[in-house]
Amino acid sequence: MSALRLRIDGEFSIYRAAELKEMVLTAVAQAPCLELDLSAVSELDTAGVQILLLARQAALVRGHALRLVNSSAAVQATLALLRVFPEADGAEAGHVS
C-alpha cells in the first residue's frame with residue numbers, strides 16, 4: 001500500500017495547533033496509510049504531542065496506519081521525555097486490521 005507523506009515544517013506547537021490539527025486529521029481521514037515526516041520540526045510542545053496522539057487514535061478508529069518518520073532531534077527529545085510514541089522511528093503508530 002502506498003503511503004501519503006505529509007511533511008510538517010517549523011514549530012509543532014500551541015501557536016499552530018488549530019492549523020496543524022485540521023491538516024493532520026484531514027490527512028488521517030483521507031489516507032489509509034499516512035506518514036508524518038517530522039524532519040523539519042524545530043519545536044514540539046505538549047499541544048503538538050496531543051495532536052499526534054489524537055491522530056493516532058483517529059487512525060486506529062478508522063483502521064488506518066500512521067507512521068512518524070524522520071523525526072528531528074527536537075521531536076525525538078520531546079517524545080522520549082514524555083515516553084510516548086516509541087515507534088517514532090518509522091514503525092506504525094496505529095493500524096487495526
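What dipole magnitude, in Debye to the nearest 20, does the chain give about its Cα centre under +1 on Lys/Arg Cβ and -1 on Asp/Glu Cβ? Each step should come with its number before you reach the end.
Values: 8 positive and 11 negative charges, 53 e Å.
Roughly 260 debye, rounded to the nearest 20.
Quick check on the chain: of the DSSP beta bridges with both residues there, what percent are antiparallel, nearest 5%? Intermediate values should be presented prior to the final figure.
Working: 2 of 15 bridges.
Beta bridges within the chain, antiparallel portion: roughly 15 percent.
Hey, in the GNM for the chain with a 10 angstrom Cα cutoff, which one of Arg56, Arg16, Arg83 fluctuates hardest?
Of Arg56, Arg16, Arg83, the Gaussian network model singles out Arg83 as fluctuating most.
Between Arg7 and Asp45, how many nm apart are label points set 7 Å from Cα along the C-beta direction?
For Arg7 paired with Asp45, the spin-label model returns 2.5 nm.
Need one number: the % of Cα-Cα pairs in the chain sitting beyond the 19 Å mark. Walk me through the numbers before you get to the answer.
Working: 1417 of 4656 pairs.
Everything past 19 Å amounts to 30 percent.
Could you line up Phe85, Phe12 from fewest to most neighbouring Cβ atoms inside 10 Å? Please list the in-between numbers first.
On the way: Phe85 21, Phe12 28.
So the ranking, lowest neighbour count to highest, is Phe85, Phe12.
What ³J(HN,Hα) values, in whole Hz, does the Karplus curve 6.51 cos²θ - 1.76 cosθ + 1.60 give for the range 8-14 when θ = phi - 60°, with x put for Gly and Pro?
After applying 6.51 cos²θ - 1.76 cosθ + 1.60, I find 9, 10, x, 6, 10, 9, 4 Hz.
Counting only helical runs of four or more DSSP H residues, what would the 222 nm mean residue ellipticity of the chain come to if each run contributes -39,500 (n - 2.57) and the total is spread over all its residues? Mind showing how you got there, number by number?
Working: 3 runs with 41 residues, N = 97.
After summing the helix terms and dividing by the residues of the chain, the value is -13500 deg cm²/dmol.
Run the quick spin-label model on Leu54 and Leu81: label points 7 Å from Cα toward the beta carbon, then report their separation in nm to one decimal.
With each label point 7 Å from Cα toward Cβ, the separation is 2.1 nm.
Show the residues, 5+ positions off or on another chain, whose built amide H is closer than 5 Å to the amide H of Ser71.
Correct list: Leu38.
Arranged by the count of other C-beta atoms within 10 angstrom, fewest first, what order do Ser71, Ser2 take?
Working: Ser71 22, Ser2 7.
Listed from fewest to most nearby Cβ atoms, that is Ser2, Ser71.
FYI, it's all coordinate maths here, none of it is from the lab. Just so it is clear, the structure is predicted and the values come from calculations on it, not from any experiment. For neighbour counting, all protein chains shown are included, and Cβ atoms are generated from backbone atoms with ideal geometry for every residue, glycine included.
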